[in-house]
Structures are given as structure tokens and as C-alpha cells.
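Reviewing the structure listed below.
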Protein chains: 2
Amino acid sequence: MNIAIFYHAGCPVCLGAEQMVADAIDHAKYAVEVVHLGEQSDRIAEAEAAGVLSVPALLLDGHVFHINFGASLDDLKK
Amino acid sequence: MNIAIFYHAGCPVCLGAEQMVADAIDHAKYAVEVVHLGEQSDRIAEAEAAGVLSVPALLLDGHVFHINFGASLDDLKK
């Protein structure tokens, strides 16, 4: 089983969108773990060692993908 | 079926990594389409209308995720 780790920091605006990505990953191919680095600061060193420079980031088998959804302006209007 | 569209521009260094993301998407949940905007320039307007500002970008049910893998320095050493 491949490993997918989704690192985030709990940003309330983006959380729904970030969850979309984690849910879209094929769970038959990847064991998906979601790590909130704001709450699990003991895992920041591990994320840094993997090459994570910013959150949200998706680690697929050791390859880092920095995902920039940003905040939808529509969400900010709510 | 939900729709996932992966827009890219054929960057040779990043293509393998980009493909990883497309392959990681759960094809049981999403109909995945990969669009090379360099070759299919007639679809740039559609991508722009969806909010795509840069490639590679993943559109999940209309939500844009700009993915920045960048070029691995290891790949540049090859």
C-alpha cells in the first residue's frame, strides 16, 4: 500500500476544500493520513524532512505537492 | 460521477509527478480528464473561466487546486 499524508494547519476557510483532495485520493491505492500540524507540532520536523515548505501539502509516496487553493472570495463573503 | 480535470502544460521535468496526482485520484469517484493546455490551447478559456491561474492545476468538481510540485533538484541533476 502506498502512503499519502495530507498536512494542513486547520485553516477554517480552506478546510472543506482541503478535505476534498484527501477524499479524492484512491483509498484502494493509498493509505491516507491527515495531519493537523497546528495540533500535532511534534510532526513538523517529519514534514520538513519530507520537503514540506507550506501547508496544505500532500505527500504521495514521499513526493511533496504543495496545494494552493487559497481562500475563495465567495467563502469570505459568507 | 464527479469530474476531475487535470490541466498541465507538458513540463517534462514535472510530468511524472503530475501524473502521480492524476493516478492517485479515486477513479471510482471521479471521471479524470488530463488536459495539456500547450497542445489544447482551445481549452485555455474554459480553464480560465474555472479559475485556473497557473498549471499544473487540478479541478475537482469545479474547485481549483493549484499544485506546486516544482522541479525536484534531483531531477535536474540527471
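For this structure, a couple of remarks:
- Within the stretch A:23-78, considering residues that are of a type in the set (Ser, Thr, Tyr) and within 21 Å of residue B:63 (Cα to Cα), the one modelled with the highest pLDDT: A:54
Every residue, every condition in (1) touching a His at 6+ places or on another chain (Cβ under 6 Å); (2) more than 28 Å from residue A:51 (Cα to Cα); (3) without any contact (Cβ under 8 Å) to a residue 12 or more places away in the chain; (4) more than 9 Å from every other protein chain (Cβ to nearest Cβ), yes or no:
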{"site": "B:22", "(1), (2), (3), (4)": "no, no, no, yes"}
{"site": "B:32", "(1), (2), (3), (4)": "no, no, no, yes"}
{"site": "B:35", "(1), (2), (3), (4)": "no, no, no, yes"}
{"site": "B:41", "(1), (2), (3), (4)": "no, yes, yes, yes"}
{"site": "B:47", "(1), (2), (3), (4)": "no, yes, no, yes"}
{"site": "B:51", "(1), (2), (3), (4)": "no, no, no, no"}
{"site": "B:59", "(1), (2), (3), (4)": "no, no, no, yes"}
{"site": "B:64", "(1), (2), (3), (4)": "no, no, no, no"}
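- Residue count, the stretch A:5-53 (criterion: in contact with a helix residue (DSSP H, G or I) (Cβ under 7 Å, 6 or more places away or on another chain), aliphatic (A, V, I, L, M) and crowded, with 17+ Cβ neighbours inside 10 Å): 4
The values are calculated or read from the model by the stated rules, or taken from the named source; none is laboratory data. Owing to the predicted nature of the structure, the values given are computational and were not obtained by experimental measurement. Neighbour counts run over all protein chains shown; Cβ positions are idealised from the backbone, glycine included.
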